[in-house]
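Input: a single structure, listed below in structure tokens.
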């Protein structure tokens, strides 16, 4: 089997308090085997580098238009990008005075990355935090991950993987698993058809991989926490949550985390100039009652819901 | 309504175009107004009576002129006759110099607070004796009568309306979130080696409702205005009238030390003893049981002369004042002092020096010695262990020593003895008063308390303290006395947890049963709470101008907790946690609580508790790293035991407890002023004219390299520092020669050996502390010039200068580039950090060239009180992209846009060189709690930030744990937030008492989620 591709890093979110224990740095990898319609990190779906434009910080200087050799940019009320002409040279990003234009996806060596992450190690150590690998789907790049995780463990940094579960188990088990301290495992839709429809791929591998990881956890392996994004009308239905709850119960899983819908994702879609397939997306936050109703589905079958 | 007020108010309704088409017309109107004033005062006996003081007619004159030359008028008051003239006599007492006709016109129509803004913006420059300016203002206010009142009322209404409009409708839940914070309290465990009795050191079982008397005191404190008290000024003025000020009754010049000793003894012997209802600690700084304001006419007290009629109605921090007090101050007190105060003494000796003139323009620097010098910490250890009798006996022994020949020492010791006798007399009066109250008290429980109070203050401070109650009473009585000697400017309490722990333990040892010990612990909390509430009993009497310069600042009495003992052991004790509990429950602005932390020695449990108290109170205590402060103090050559015994003074500044006359708040220096002068070849846009030397013209290409520019900045800022130091040293001489402080000297280590007053260098250690404001803004601006103009050559210096002169209006792209295209201090960029350290080092070295009046060094700090707002409001656009008149960042806090990650801010600030910040710093961080998180997680995150910052070398950090939404709601609905505590930059204030600009700065500060 050939080696996995070199990843692009979209962002390193430092000082994150919500992506695992303690103070953490979250690494967002670019590229994902799924394409969930509600994806909160749409900039991380495609594997290739992209141009992002934030109209709210643009000062209309026109520097980008001047810098573009391909004539791909024109400035009206906001900047219009002709993606057909754009060759992704990013001269416009260098010219932009306000940072409204930015490049999504940087190639970084493991060494560079570890040096950057180690800067915050004193915070990790004092808070019980560490590094969280997220994306996109980090397991797209298992060779790189293996090297990165080993380097992090050499620095005694706690490692957490957030995954959609769509990976080849043997490779994962060999390259990634030994260097992890904690796994956050997304379960979205129980019905294979629905999963295919909304997430762009089947869920058999995902469920199988989860069962195996959970078994290993029970056997003293890495702790695995299943997490369910609550997407109004798609994943938060009683049927879906009930099926997942039964699945967890059946396999002896005792706790789960629910991730309430965050409507802010749409702004990111706009910045990338993408057109969402999820046209019915709500722009409201979920109410506490809605969240509690979802949690009750799990509590009824004695699966703890973490705050 | 008077004819004058009809005319004046009608003026305010006429448009400028109609009335003032030319300069001559305005000159004519000014003369007409002054003539009208003269007529009124000459003909109406009720008004004329105000021209007479206890010592006769008050003679003075006031000139009014414009710099443009169109107006020159004056009015003189001589022998009870008032005359207006079309010229200004050479010996005029004070002249109001207006920049132009517009400014004068504005003044005629303006409300009093708008006039202050004219002064702040350098459009109106008062020259000469300010006391007479204030007197003139008072006479104008009397003339305007109710019209003046209506103007004030309207200004207040407009302001409240504008505050409401500045805030979007807010989520009502923000108030609930804040209120809910006290409901849950973490439990602690006995882990600190110095904690011997508290099983749960966090004292989580107690809440304010367990202490009804504290609850009532707090409510009083938040509801009642401080009241101006005439007792001290009247008593000392009467004494001086009888015994002379310059010369004694034999006509011999007074030795000022001897004179101050005698007047102080008289004052304390005559002072009214007050025991507040239900209080456990006797004595008050004024005659007011809740909050009073001591007037210091010998310092800057006459600055409120103009407000005697309106101070109770002013917009910001009004004071109550009785008609009788106003009359007393006007007739009996202020006329005696109009030429006898710090500022006038300096003017009479040195004339109107450039250092004084520039200082008074408010743009470049402010020198606190105009107000006071006692920004230090007395030796309470000596007081408690020896009592005043022991201290007196030491002084007598030294006096009796045949080897003592030096007359100054003799006078100094004698004055100190008299001061201590005065304190004893006051304590005896308190004891008698409490006993008398006890005899009339029907409630047996209170009767017993009063009897105990009488017994306690019959014993202390004369004798050594034996119990916690005695120790706190002795400190409090000394505190009252010190605040009657010297204006309340940051006199600080030191390490009371260290000092009081032995008394706490001694009390407990006498108690055999568990239940009696529990009851005692509750009583100890209550006593410490009473002490805190007593410390808020005085509030500095600030003229309205002070509200715009130092918004909401109280006396700022710093208390220091934790850290290590002089021999390096863990200094956290039961009393540390008791004071933390009181801090949490009361959440008051003053006492200003500072928590020391020694990495590797103090526990995580202690730091967690400090963080939890910050969370509950939203803004206190401020936190300090012993390692960094030690490193900062070491180059001064103090013994390690002394360094380990440092305490915060005023805001944050380190002082060696009890033996160090450090006046740590001497100079508040604007680092941006020198920067603007560098950009303008020695001119300051607001000051007009040359404020500094010519160092090169930006637009003519005089700066070939960045180093050329940096050197020019060093010259300009060094020039300002030199002037500020000169003014500070002149004023230090005033304190030494005009108003020494023998009581403070008696309570300061080193004076017994030196035989000198503390104002004359008598303390064991001497220094003067400065605060330098705008470090981050100057650093980022230097970085922008270096990178954009010189390194990358993306813009010419001339283009950048044009953009600054137009406030970036014509070049928004350049502003964006300066903000986003240049790594700022706080971003984690090495070059940016190096630049910050370079500026730090430059400022430190510039002060290093100077010595203070008392022979000590200048120390250098980077906190800002509220001056980052005041100075920001007077400064133009900066190359960093900061727009004109916006606040600088508080203290030395990095700009919010420096980094997306707050951790980079922490790491950069932690790597600033501590040796260059020997007067400490303020790193302000606004944290926003996540309502979904539990208390433990929130506190753990806060502790992780602080602990890491300290381990990486950071010196000081302070939090505001409050959201912008909450602050906006408080701005619009102050009635719901009367006690909302915020940390400005070093000190605490109640948000609702702040001027609007400071409120907006706090709202706009970057916030980081928890």
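Derivation of every value follows stated rules applied to the coordinates shown; laboratory data play no part. Since we're looking at a predicted model, the values are computed, not measured. Please note: Cβ atoms are built from the backbone with ideal geometry, for glycine as well, and neighbour counts cover all protein chains shown.
Ordering B:810, B:1004 from the fewest to the most neighbouring beta carbons within 10 Å gives B:810, B:1004. Cβ crowding within 10 Å ranks A:239, B:620 as A:239, B:620, fewest other Cβ atoms first.
Counting Cβ atoms of other protein chains within 10 Å of each residue's Cβ and taking the mean over peptide B:942-952 gives 4. Round to the nearest 10 and give me the degree value, 0 to 90, for the angle of helix A:238-250's Cα axis relative to the longest principal axis of chain A. For helix A:238-250, the angle is close to 50 degrees. Note on residue B:173 and residue B:443: with the Förster distance fixed at 45 Å, the Cβ-Cβ geometry gives a FRET efficiency of about 0.60. If R0 is taken as 45 Å, the Cβ-Cβ distance between residue B:348 and residue B:158 corresponds to a FRET efficiency of 0.60. Shielding by partners for peptide A:11-22, expressed as the average number of C-beta atoms from other protein chains within 10 Å of each residue's C-beta, is 4. Residue by residue along A:95-105, Cβ atoms of other protein chains within 10 Å of the local Cβ number 3 on average. Taking label positions 7 Å along the Cα-Cβ direction at both residue B:510 and residue B:932, the computed distance is 5.5 nm, reported to one decimal. Centre-to-centre separation between the Cα atoms of the stretch A:12-47 and those of the stretch A:134-164: 13 Å.
GNM remark for chain A: springs join alpha carbons under 10 Å apart, and the peak mean-square fluctuation among A:85, A:212, A:24 falls on A:85. On a 0 to 90° scale, report how tilted helix A:142-154 is relative to the longest principal axis of chain A, with both axes built from alpha carbons and the result rounded to the nearest 10. Helix A:142-154 and the main axis of chain A meet at about 80 degrees. Protection proxy ranking, highest mean first, for peptides B:763-775, B:338-350: B:763-775, B:338-350, where packing is the per-residue count of other beta-carbon atoms within 10 Å, averaged. A straight line joining the Cα centroids of the stretch B:824-855 and the stretch B:287-347 runs 40 Å.
Classification of the stretch A:50-104 by its C-alpha gyration tensor yields a rounded form. The axis ratio a/c (a ≥ b ≥ c) stays under 1.5.
Per 0.36 nm of contour for each residue apart, how much would the distance between residue B:838 and residue B:207 grow if the chain were fully extended, relative to their Cα-Cα spacing? List each step's numbers first, then the result.
On the way: separation 631, 0.36 × 631 = 227.16 nm, distance 4.81 nm.
That pair, residue B:838 and residue B:207, stretches by 222.4 nm at full extension.
For n ≥ 4 DSSP H runs only, could you compute -39500 (n - 2.57) per run for chain B, divide by its residues and tell me the 222 nm figure to the nearest 500?
Values: 40 runs with 483 residues, N = 1010.
Value at 222 nm, helices only, nearest 500: -15000 deg cm²/dmol.
Subtract the Cα-Cα distance of residue B:845 and residue B:166 from 0.36 nm times their separation in residues, and report this length gain in nm to one decimal. Spell out each step's value before the answer.
Details: separation 679, 0.36 × 679 = 244.44 nm, distance 4.32 nm.
Length gained, residue B:845 through residue B:166: 240.1 nm.
Listed by Cβ neighbour count within 10 Å, with the fewest neighbours leading, B:865, B:971 appear as B:971, B:865. Here residue B:183 and residue B:792 are evaluated by their C-beta separation; at R0 = 56 Å the FRET efficiency comes out at 0.55. Here the label points at residue A:246 and residue B:518, each 7 Å from Cα along the C-beta direction, are separated by 5.5 nm in the simple model. Let me know the shape class of the stretch B:143-236, please: from the alpha-carbon gyration tensor, a ≥ b ≥ c as square roots of the eigenvalues, rounded when a/c is under 1.5, otherwise prolate if a/b is greater than b/c, or oblate. Note, shape of the stretch B:143-236 comes out oblate. For the stretch B:988-1010 and the stretch B:180-215, write down the distance between their C-alpha centroids in whole Å. Measuring centre to centre over Cα atoms gives 29 Å. Across the stretch B:3-158, Cα-Cα pairs more than 27 Å apart make up 18 percent of the total. In this rough spin-label picture, where each label sits 7 Å from Cα along the Cβ direction, the residue B:883-residue B:706 distance is 2.8 nm. In the elastic network of chain A, a GNM with C-alpha springs shorter than 10 Å, the most mobile of A:220, A:129, A:165 is A:220.
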